[in-house]
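Here the structure comes first, spelled out in structure tokens, and everything after it is commentary.
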Amino acid sequence: MPPHRDIAAFHERAQRYEDGWLGRLHREIADRTVTLALAEAAVPAMRVLDVGCGTGYLLRRLADRCPETAVLAGVDPAPTMIELAEATSCDERMRFSIGVAEHLPYPEDAFDLVVSTTSFDHWSDQAAGLVECARVMRPGGRLVLVDQFSAWLTPTLLVRRGKARTKRRATRLLVAAGFRSPEWHDLYAVIIRAATATRSLPRR
């Protein structure tokens with residue numbers, strides 16, 4: 001298994017992922033992410049992708065609030081998560097795939113909005129994953145990236161070596177991947193933050 005992918009751990013937690021205090025935490029973060037994403041969108045997003053979708057909770061929330069959205073896609077590396085997402089989906093607009101952020105199984109310019117909540121820290125290659133997010137977004141599309149980003153986490157970089165756990169590191173990766181005007185939002189407690197950014201327009 002690639003370093004920090006943690007697929008086995010999520011496979012074991014899948015059946016109870018939305019249960020207990022940890023499940024409530026994930027749902028609260030997802031709910032706040034949905035609200036932020038909808039506030040950030042200049043127009044209703046017609047095609048949405050959730051990278052690291054888990055059980056599909058965030059997409060179910062978006063489906064409830066966005067009747068005009070045509071496609072709600074989710075991708076996750078853990079097969080059990082995808083099985084649960086498909087089992088709990090009752091909306092024909094929702095589509096789920098097994099895959100990783102570094103190799104998204106979608107064509108270029110496929111989505112207006114890409115979101116990811118608390119999966120970024122588990123990507124094996126965060127830079128490559130952000131490049132893929134930019135690739136599958138139309139020019140001018142929006143990214144909402146939520147995870148642990150704080151200077152308080154600097155000591156943990158000894159364990160998560162090379163990870164972007166601070167706003168400074170993550171901002172550099174976002175700009176290098178082709179996103180412009182990253183903005184930061186406090187989302188939950190003191191370390192869960194969201195970066196919102198726009199995919200750069202193609203050069204003329």
Given the conditions (1) modelled with pLDDT under 95; (2) in contact with a strand residue (DSSP E or B) (Cβ under 9 Å, 6 or more places away or on another chain); (3) exposed (fewer than 15 other Cβ atoms within 10 Å of the Cβ), report the number of the one that residue 89 does not fulfil. (3)
Top-ranked residue of segment 164-176 - restricted to ones that are in a loop (DSSP other than H, G, I, E, B) and either in contact with a strand residue (DSSP E or B) (Cβ under 7 Å, 6 or more places away or on another chain) or surrounded by fewer than 21 Cβ atoms within 10 Å (Cβ to Cβ) (or both), ranked as modelled with the lowest pLDDT: 165
Selection count, segment 1-26, where residues are over 14 Å from the mean Cα position of the chain (by Cα) and either assigned to a helix (DSSP H, G or I) or modelled with pLDDT of 70 or more (or both): 16
Residue list for segment 113-128, restricted to those being farther than 21 Å from residue 29 by Cα and surrounded by 23 or more Cβ atoms within 10 Å (Cβ to Cβ): none
Do we have residue 97 as closer than 25 Å to residue 187 by Cβ, outside any helix (DSSP H, G or I), at pLDDT 95 or above and touching a helix residue (DSSP H, G or I) at 6+ places or on another chain (Cβ under 9 Å) here? no
Residue 55, sole failed condition from (1) in a loop (DSSP other than H, G, I, E, B); (2) out of contact with any Asp or Glu (no Cβ under 7 Å at 6 or more places or on another chain); (3) of a type in the set (Ser, Thr, Tyr); (4) modelled with pLDDT under 95: (2)
What are the pairs, 6+ residues apart or on separate chains, where a residue within segment 177-193 that is without any contact (Cβ under 8 Å) to a residue 40 or more places away in the chain and surrounded by 15 or more Cβ atoms within 10 Å (Cβ to Cβ) has its Cβ under 6 Å from a residue that is of a type in the set (S, T, N, Q) and not in a strand (DSSP E or B)? 182/171
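The values are calculated or read from the model by the stated rules, or taken from the named source; none is laboratory data. The structure presented is a predicted model; accordingly, all values stated were derived computationally and were not measured. Reconstructed Cβ throughout: ideal geometry from the backbone, glycine too, with neighbour counts over all protein chains shown.
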